[in-house]
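Read through the structure below, which is laid out as structure tokens, and then see the notes.
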Amino acid sequence: MALGALVWVWVAWYVFLAPDATPEQIAARAERDAAREFGRFKSEAQVKCSLEIQKGLNDPASAEWVSRVDWPVIDSGSFYTIRATYRGANLFGATVTETRNCLATRRGDTATIIGLE
């Protein structure tokens with residue numbers, strides 16, 4: 001019974017007496033949430049970009065991706081440009097390093113690849 005009373009006291013304190021967040025705390029929380037959402041978008045866009053590039057390779061199994069951490073994601077207003085660097089076999093079997101740009105749109109943290117350059 002005493003535990004139940006303590007729970008009710010804590011709930012009452014939290015609901016009625018806990019201080020509200022300051023504008024700075026609210027802004028910091030919004031910034032953290034936006035950064036987290038963009039991070040999820042960036043990861044998904046990079047994976048989808050690599051799959052899209054791999055589809056067009058002469059030998060898709062030969063693809064070796066340069067660290068995705070190093071792939072910049074550039075905000076171009078209505079879309080994002082992901083600059084992907086990879087190594088793969090060309091038509092003659094030689095390994096070449098190339099950089100391609102993927103164009104992606106964003107809705108929340110969901111990425112859609114709309115083209116390759």
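The values are calculated or read from the model by the stated rules, or taken from the named source; none is laboratory data. Keep in mind that this is a model prediction, so the values were computed, not measured. Every residue, glycine as well, gets a Cβ built from its backbone with ideal geometry; the counts of neighbours run over all protein chains shown.
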| Looking at Ala89, is it touching a helix residue (DSSP H, G or I) at 6+ places or on another chain (Cβ under 7 Å) and at pLDDT 90 or above? | yes
| Residues that are surrounded by 10 or more Cβ atoms within 10 Å (Cβ to Cβ) and touching a residue at least 60 places away in the same chain (Cβ under 8 Å): which strands (runs of 3 or more DSSP E) entirely in the stretch 19-116 hold 2 or more of them? | 110-116
| Going by the structure shown, is Ile26 over 18 Å from Ala111 (Cβ atoms) and of a type outside the set (Gly, Ala, Ser)? | yes
| request: Exactly one condition in (1) over 15 Å from Thr95 (Cβ atoms); (2) over 10 Å from the mean Cα position of the chain (by Cα) is not met by Gly39; state its number. | output: (2)
| field | Subset of the stretch 34-48 (residues that are out of contact with any strand residue (DSSP E or B) (no Cβ under 6 Å at 6 or more places or on another chain) and at pLDDT below 90) | value | Ala34, Ala35, Arg36, Glu37, Phe38, Gly39, Arg40, Ser43
